[in-house]
Amino acid sequence: MAQEHSAIRRYLLARGNSAIADRVFKSLMVLCALSIFAIVVLIVTELVQRSQLTLHTFGFQFFWKSYFDPTTGLPAYWDPVNGYFSALPFVYGTLVSSLLSLLLAVPLAVGVAVFLTEMCPGFLRAPLAFLTELLAAIPSIIYGLWAVFVLVPLLREYVNPLLVSGLGWTGLFNDQNPTGLGYFASAVILAVMILPIISSLTREVMTAVPHSQREAVLALGATRWEMIRMGVLRNARVGIVGAIILGLGRALGETMAVTMVIGNTPQIKRSMLATGSSMASVIANEFTEAVSDMHLSALIEIGLALFIVTIIVNAIARLLVWAVTRGAPVTQR
Amino acid sequence: MGVGIEVTNLNAWYGANHTLQDINLNIPANHATALIGPSGCGKSTFVRCLNRMHETNPIARVTGTVRMGDLDIYQDTTPVEIRRRVGMVFQRPNPFPTMSIYDNVAAGLKLNGYSNRRALDEIVEKSLKNSALWDEVKDDLKKKSGASLSGGQQQRLCIARALAVDPEVLLMDEPASALDPVSTSKIEDLIFQLKSQYTIVIVTHNMQQAARVAEKTGFFLNGRMVEFDSTHKIFTNPSDKRTEDYITGRFG
């Protein structure tokens with residue numbers, strides 16, 4: 001390269017090989033990425049350390065155990081004053097309210113997604129999709145307030161009596177408590193809260209199904225519903241399951257709205273209309289009042305369990321959604 | 001001014017796929033060199049090894065030496081520096097859709113912190129004139145986006161963008177294959193005019209195109225270079241039977 005260079009070329013040659021710039025940038029980015037891991041590790045170590053007391057005293061029994069209260073003659077699970085610590089009613093409350101909320105939310109969410117992707121007229125699609133996703137932006141305390149003032153009275157006056165008379169024989173809907181609070185009320189409010197995430201992700205995996213799949217089914221003489229079932233839902237099912245599990249992850253950890261309507265009694269009842277308590281709600285309720293070391297440690301251990309479960313549930317869901325939408329442009333139709 | 005390229009024992013892999021095998025070749029400075037061959041023969045991989053774009057794919061691997069002038073591009077320097085000296089035009093026009101025409105052309109210089117306004121204006125004009133696009137866009141330089149142009153204009157915009165940094169080598173990977181015949185002939189005229197100032201390496205499917213624009217032609221087949229000679233010789237009197245079969249259309 002001995003020839004005379006132009007001004008531009010001389011300017012660019014003077015910039016050197018930029019090896020240091022590239023390396024600095026790379027290490028900065030690695031640092032940013034590592035900070036995420038550091039945060040997770042810090043949370044886990046803190047939770048594990050501060051729950052040492054119950055971890056050592058009860059071991060895994062913490063999640064199974066039930067006590068017998070000699071004064072009332074009834075089984076007891078959680079009574080910090082008398083030293084009873086068992087997470088069983090909270091695990092039960094969390095599972096029951098979350099799974100019930102899925103039962104309510106999934107058909108609705110899939111219906112919304114099917115309508116939006118397959119049959120909605122173009123001018124309605126964007127506003128409707130926007131509105132469903134807007135539901136996700138409402139703070140959970142607002143949902144809680146709405147539930148306390150509107151939903152719970154409605155359930156108490158109209159829905160619960162119907163459930164008792166119609167489905168009371170199953171044993172799942174008897175024994176209505178007079179407040180209207182309980183598993184069923186929290187499941188309904190949870191269903192409203194997880195609806196947007198399930199429907200928007202379902203919509204995303206459905207739009208990732210190539211148009212040629214729809215045409216292939218239609219060309220066989222399929223009706224609209226048959227086309228959606230065979231050409232779209234079938235191809236998107238792994239992703240839809242992922243969306244549902246992601247909704248489950250959100251329901252498991254939801255705290256505020258549930259705390260306001262579940263009733264906060266540490267008991268295990270078969271009836272969905274009974275009051276109960278969930279893992280998140282007991283922490284929110286009692287953390288500020290916990291005075292004994294054992295009580296505090298027990299609450300933190302519940303937190304640790306909730307943390308681990310939600311992380312695993314979310315990881316599974318993300319993997320499933322990713323497996324379906326990988327590489328497919330979201331807007332492709 | 002361009003520099004010559006000296007390729008010795010170049011091998012390249014995509015994963016377990018040995019896409020280039022023992023390529024040896026001298027590309028002359030300030031001339032156009034065409035690379036022809038059937039799809040998947042490795043000619044695109046080859047040009048991507050000349051500006052170290054090949055290694056941006058995580059499963060890709062390269063061995064061998066490529067010298068540009070007195071610089072061994074795999075030993076003496078970084079990919080960043082080599083790409084400042086080697087321009088590239090891709091198969092599909094890829095202007096930056098969020099930038100104006102002017103900013104598209106100036107992108108390479110702005111990226112490098114070049115901020116002399118007057119000089120930039122001059123370079124943008126000169127580059128667009130060199131790529132035969134100036135007359136069509138001079139009134140909308142800062143008004144229109146790079147993506148608002150037609151396909152052929154977009155490709156000439158990409159050439160202007162590559163020329164703006166005054167590269168020593170210009171790599172073109174099937175630059176006209178996505179264009180209509182009129183745009184194609186404009187691009188070919190352009191290569192014909194530019195080749196006295198730059199070392200141009202052009203990959204093409206179109207043998208007439210190779211014959212029209214290039215002094216030298218290399219024929220690739222199954223990851224090997226079968227023959228490299230003057231374009232005239234390759235197309236009239238090739239020394240290898242396989243080259244003859246290919247250019248006479250007996251396969252590929």
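Looking at A:S51, A:S101, which one is under 22 Å from A:L190 (Cβ atoms) and among the small types (G, A, S)?
Details: A:S51 fails: under 22 Å from A:L190 (Cβ atoms).
One residue alone meets the criteria, A:S101.
Return the residues of segment A:13-34 that are of a type outside the set (A, V, I, L, M, F, W, C) and more than 8 Å from chain B (Cβ to nearest Cβ); say none if nothing qualifies.
Answer for segment A:13-34, where residues must be of a type outside the set (A, V, I, L, M, F, W, C) and more than 8 Å from chain B (Cβ to nearest Cβ): A:R23, A:K26, A:S27.
Only one residue in B:R61, B:R52 is over 25 Å from B:N206 (Cβ atoms), among the basic types (K, R), in contact (Cβ under 8 Å) with a residue 24 or more places away in the chain and within 14 Å of chain A (Cβ to nearest Cβ), so which one is that?
Details: B:R61 fails: within 14 Å of chain A (Cβ to nearest Cβ).
When all the criteria are applied, what remains is B:R52.
Of all residues in segment A:35-46, count the ones that are surrounded by 10 or more Cβ atoms within 10 Å (Cβ to Cβ) and either among the β-branched types (V, I, T) or at the interface with chain B (Cβ under 8 Å from one of its Cβ atoms) (or both).
Residues meeting the conditions: 6.
Residue under question is B:E174, and the condition is that it be within 14 Å of chain A (Cβ to nearest Cβ), closer than 17 Å to B:V47 by Cβ and either modelled with pLDDT under 95 or touching a Leu at 6+ places or on another chain (Cβ under 6 Å) (or both); does it hold?
no
Scanning segment A:192-215 for residues that are among the charged types (D, E, K, R) and surrounded by fewer than 23 Cβ atoms within 10 Å (Cβ to Cβ), which turns out nearest to A:W322 (Cα to Cα)?
Restricting to residues being among the charged types (D, E, K, R) and surrounded by fewer than 23 Cβ atoms within 10 Å (Cβ to Cβ), the top hit is A:E204.
Whether any residue in segment A:287-310 is over 26 Å from A:T170 (Cβ atoms), under 16 Å from the mean Cα position of the chain (by Cα) and free of Cβ contacts under 8 Å to residues at least 40 places away in the same chain is what I want to check.
Yes.
Test of understanding: among A:L88, A:L145, A:L131, A:L100, which residue is surrounded by 20 or more Cβ atoms within 10 Å (Cβ to Cβ) and at negative phi?
Testing whether each residue is surrounded by 20 or more Cβ atoms within 10 Å (Cβ to Cβ) and at negative phi leaves just A:L100.
Anything in segment A:126-143 that is under 10 Å from A:S200 (Cβ atoms) and among the aliphatic types (A, V, I, L, M)? List them, or say none.
Once the filter is applied, which keeps residues that are under 10 Å from A:S200 (Cβ atoms) and among the aliphatic types (A, V, I, L, M), segment A:126-143 yields A:A129, A:L135, A:A136.
In segment B:115-167, which residues are of a type in the set (G, A, S), within 14 Å of chain A (Cβ to nearest Cβ) and farther than 21 Å from B:R83 by Cβ?
B:A119
Based on this model, can you work out whether A:G166 counts as without any contact (Cβ under 8 Å) to a residue 40 or more places away in the chain and of a type in the set (G, A, S)?
Yes: the conditions hold for A:G166.
Can you find a residue that is among the charged types (D, E, K, R), outside any helix (DSSP H, G or I) and closer than 25 Å to A:T288 by Cβ anywhere in segment A:28-51?
No: segment A:28-51 contains no residue that is among the charged types (D, E, K, R), outside any helix (DSSP H, G or I) and closer than 25 Å to A:T288 by Cβ.
Given the criterion assigned to a loop (DSSP other than H, G, I, E, B) and among the small types (G, A, S), identify the matching residue among A:A251, A:A222, A:A216, A:A257.
Every option except A:A222 fails the conditions.
Could you check segment B:235-252 and list, in sequence order, the residues that are in contact (Cβ under 8 Å) with a residue 24 or more places away in the chain and either under 21 Å from the mean Cα position of the chain (by Cα) or surrounded by fewer than 20 Cβ atoms within 10 Å (Cβ to Cβ) (or both)? Show your work before the answer.
Of the residues in segment B:235-252, the ones in contact (Cβ under 8 Å) with a residue 24 or more places away in the chain are B:235, B:243, B:246-247, B:251-252.
Those that are in contact (Cβ under 8 Å) with a residue 24 or more places away in the chain and either under 21 Å from the mean Cα position of the chain (by Cα) or surrounded by fewer than 20 Cβ atoms within 10 Å (Cβ to Cβ) (or both): B:F235, B:I247, B:F251, B:G252.
Filter segment A:1-24 down to the residues that are of a type in the set (S, T, N, Q) and either under 55 Å from the mean Cα position of the chain (by Cα) or within 16 Å of B:L111 (Cα to Cα) (or both) and list them by number. Reasoning before the result, please.
Let us first name the residues in segment A:1-24 that are of a type in the set (S, T, N, Q), namely A:3, A:6, A:17-18.
Matches in segment A:1-24: A:N17, A:S18.
Those residues that are surrounded by fewer than 18 Cβ atoms within 10 Å (Cβ to Cβ) and farther than 26 Å from A:F307 by Cβ, I need them from segment A:47-83; list them, please.
A:F68, A:D69, A:P70, A:T71, A:T72, A:G73, A:L74, A:P75, A:V81, A:N82
Failed condition for B:G64, given (1) in a strand (DSSP E or B); (2) within 21 Å of B:Q197 (Cα to Cα); (3) of a type in the set (G, A, S), with all others met?
The number of the failed condition is (2).
All but one of (1) within 14 Å of chain B (Cβ to nearest Cβ); (2) touching a residue at least 60 places away in the same chain (Cβ under 8 Å) hold for A:L53, so report the exception by its number.
(1)
Which members of segment B:85-114 meet the condition of being within 11 Å of another protein chain (Cβ to nearest Cβ) and either assigned to a helix (DSSP H, G or I) or among the polar types (S, T, N, Q) (or both)?
Correct list: B:R85, B:G108, B:L109, B:L111, B:N112.
Restrict the check to segment B:149-163 and report whether at least one residue is charged (D, E, K, R) and crowded, with 22+ Cβ neighbours inside 10 Å. Write out each step before concluding.
Restricting attention to segment B:149-163, the residues satisfying the condition of being charged (D, E, K, R) are B:156, B:161.
Now restrict to residues that are crowded, with 22+ Cβ neighbours inside 10 Å: B:156, B:161.
Within segment B:149-163, one or more residues are charged (D, E, K, R) and crowded, with 22+ Cβ neighbours inside 10 Å.
State whether the residues of segment B:26-35 include one that is free of Cβ contacts under 8 Å to residues at least 12 places away in the same chain and within 14 Å of chain A (Cβ to nearest Cβ).
There is no residue in segment B:26-35 that is free of Cβ contacts under 8 Å to residues at least 12 places away in the same chain and within 14 Å of chain A (Cβ to nearest Cβ).
Among the numbered conditions (1) touching a strand residue (DSSP E or B) at 6+ places or on another chain (Cβ under 6 Å); (2) surrounded by fewer than 20 Cβ atoms within 10 Å (Cβ to Cβ), tell me where A:T255 comes up short.
All conditions pass for A:T255, except number (1).
Quick one: which of A:S51, A:S27, A:S97 is under 20 Å from the mean Cα position of the chain (by Cα) and modelled with pLDDT of 90 or more?
Result of the check over A:S51, A:S27, A:S97: A:S97.
The values are calculated or read from the model by the stated rules, or taken from the named source; none is laboratory data. Treat the numbers as computed from the prediction; the structure is a model and nothing was measured. All Cβ positions, glycine included, derive from the backbone under ideal geometry; neighbour counts span all protein chains shown.
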